[in-house]
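The values are calculated or read from the model by the stated rules, or taken from the named source; none is laboratory data. The shown structure was predicted, so the numbers you read here are calculated from the model rather than taken from an experiment. Note that each Cβ is placed from the backbone with ideal geometry, even for glycine, and that neighbours are counted across all protein chains shown. Quick note on the areas: whole protein, heavy atoms, side chains included, nothing else; ligands and nucleic acids left out. Shrake-Rupley method; radii C 1.70, N 1.55, O 1.52, S 1.80 Å.
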Amino acid sequence: MSNLQEAADMQNTVAVSARRFQESPYIARTGSPEMVRGVYANRYFSIHAGENTIEKYWCLRQRAVIFDVPEKPVEIRGADAVRFLDYVLGRKVTTMQKGRGYYAIACTPQGGIFMDGVVFKLAEDRFWYVQADGPFETWLVAHSGGFDVEISDPKSRVLQLQGPASMAIMNAASGGEIDETMKYFRSGFFELGGQTLYVSRTGFTNELGFEIYSDGATTDHLALWDHLMACGASHGLEFSSTMALTVRRIEGGILGNLTDIDTTMTPFEAGLGPFFNMEKGDFVGRAALVGKDQRSLLHGVTCQRGTPSAGCVILDGKTPAGHITAGVPSPTLGCGVGYGRFNAPGDWVGRTLTLEMLDGSQHECEIVDLPFFDREKNIVRGIDRSIPERPML
């Protein structure tokens with residue numbers, strides 16, 4: 001099931017029972033009659049709230065935006081927590097330090113991508129895996145036989161506070177505890193407005209940013225929201241639906257589970273081979289990955305005369321060579337950008353091909369490396385603190 005957030009998805013909606021999925025504890029602050037919701041990891045979230053997406057995008061790039069996101073933390077704890085995670089994930093967990101986060105992928109026994117997310121080490125025998133879309137908690141339970149572990153849902157809801165002003169806002173929100181010494185993919189417990197909460201220096205935008213994890217029923221969610229917004233007021237902090245986040249995550253080369261990657265792709269075909277420790281020993285899917293072609297099938301596509309969207313066909317001459325998994329207009333680059341999933345590996349990057357749109361029109365497109373800009377990730381690491389200028393139309 002794809003989780004698309006393209007322009008057509010703002011109108012292509014259906015009515016769903018409100019009790020079918022988990023409501024956000026922040027809905028009293030974010031809800032509006034214009035809101036269009038999506039479902040992700042069995043949670044409602046706002047994919048559009050009637051706002052101007054381009055304005056929110058530039059707020060994200062120039063100041064800061066808070067997103068109420070549906071990513072779901074799953075807790076793994078017990079005497080065998082390390083051994084278990086080392087078995088179900090492709091990353092080496094045995095050497096993880098407390099307060100560290102790793103981007104980590106779980107594969108099917110056939111070597112396909114089942115889940116991607118970030119694993120955090122909260123204590124020696126306690127971890128959180130912040131999963132993307134899909135039934136990961138059930139999958140973990142199914143693989144836990146023979147391990148002394150407990151898999152549970154900590155009922156944590158995630159806020160992402162992203163943008164160049166996020167460091168200053170989180171410094172104020174934590175009473176000075178969070179500062180420049182907190183590096184990328186580091187995490188820990190901090191007091192935010194009188195509540196002790198887990199915070200990580202991560203996000204889904206490739207901008208400088210943080211994620212704040214609530215602690216189930218013990219958290220006063222609305223008080224937390226109000227505290228963060230008050231601390232961010234002088235820095236121009238605004239709330240946005242995830243549409244602006246989606247634009248930035250595609251520009252930033254961040255892949256969406258079940259949309260851009262799925263069980264029919266190996267990590268190598270998705271360009272995610274560097275996040276696997278094949279030498280660490282056995283893990284689910286390792287045997288199937290040994291000897292696999294390590295060339296990527298996923299590349300960036302730019303189009304000056306149209307916006308790539310899911311299902312558009314990439315033509316090499318008159319021959320279909322691949323398709324678009326997701327696309328958006330890029331405000332920074334001033335053109336349409338998207339992910340192209342090719343049918344076979346090849347020297348695609350640097351070539352000019354043809355993009356056949358859903359309406360049948362055809363436009364030239366360029367195949368490029370991902371991400372579309374800031375390939376050294378200097379922005380998200382906090383090395384590049386320059387504020388980008390908004391292009392003149």
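Details
- Any hit, segment 154-167, residues being farther than 30 Å from Gln62 by Cβ and surrounded by fewer than 22 Cβ atoms within 10 Å (Cβ to Cβ): yes
- Pair list, Cβ under 8 Å, 6 or more apart: segment 89-116 residue at negative phi and without any contact (Cβ under 8 Å) to a residue 12 or more places away in the chain, other residue among the acidic types (Asp, Glu) and crowded, with 21+ Cβ neighbours inside 10 Å: none
- Boolean, Tyr40 is at pLDDT 95 or above and of a type in the set (Phe, Trp, Tyr): no
- Note on segment 191-211: among residues that are assigned to a strand (DSSP E or B) and acidic (Asp, Glu), the one that is surrounded by the most Cβ atoms within 10 Å (Cβ to Cβ) is Glu211.
- Consider segment 109-132 and keep the residues that are of a type in the set (Gly, Ala, Ser) and surrounded by 20 or more Cβ atoms within 10 Å (Cβ to Cβ). The one that is nearest to Asp282 (Cα to Cα) is Gly111.
- Residue-level check: of (1) open to solvent by 20 Å² or more (accessible area, probe 1.4 Å); (2) in a helix (DSSP H, G or I); (3) closer than 25 Å to Gly327 by Cα; (4) not basic (Lys, Arg), Ala244 misses just (1).
- Evaluating Ala106 against the criteria (1) hydrophobic (A, V, I, L, M, F, W, C); (2) farther than 23 Å from Asn257 by Cα; (3) open to solvent by less than 50 Å² (accessible area, probe 1.4 Å) leaves one unmet condition, (2).
- Among residues that are open to solvent by 50 Å² or more (accessible area, probe 1.4 Å) and among the β-branched types (Val, Ile, Thr), Val141 is included.
- Tally, over segment 215-247, of residues that are out of contact with any helix residue (DSSP H, G or I) (no Cβ under 6 Å at 6 or more places or on another chain) and either farther than 29 Å from Glu191 by Cβ or of a type in the set (S, T, N, Q) (or both): 6
- Phe45 being closer than 30 Å to Arg126 by Cβ, open to solvent by less than 70 Å² (accessible area, probe 1.4 Å), assigned to a strand (DSSP E or B) and at pLDDT below 95: yes
- Odd one out for Glu177 among (1) open to solvent by 30 Å² or more (accessible area, probe 1.4 Å); (2) closer than 30 Å to Trp139 by Cβ: (2)
- Residue check for Arg186: surrounded by fewer than 21 Cβ atoms within 10 Å (Cβ to Cβ), within 18 Å of Phe210 (Cβ to Cβ) and either without any contact (Cβ under 8 Å) to a residue 40 or more places away in the chain or in contact with a Lys or Arg (Cβ under 9 Å, 6 or more places away or on another chain) (or both): yes
- Restricting attention to segment 325-354 and to residues that are open to solvent by 10 Å² or more (accessible area, probe 1.4 Å) and touching a helix residue (DSSP H, G or I) at 6+ places or on another chain (Cβ under 7 Å), the residue that is nearest to Ala244 (Cα to Cα) turns out to be Pro331.
- Entry remark, segment 212-241: residues being over 14 Å from Pro164 (Cα atoms), in a strand (DSSP E or B) and not aliphatic (A, V, I, L, M) number 2 in total.
- The residues in segment 48-85 that are charged (D, E, K, R) and assigned to a strand (DSSP E or B) can be counted, and the count is 4.
- Screening Asp347 on (1) closer than 27 Å to Tyr40 by Cβ; (2) without any contact (Cβ under 8 Å) to a residue 12 or more places away in the chain; (3) of a type in the set (D, E, K, R) shows it passes everything except condition (1).
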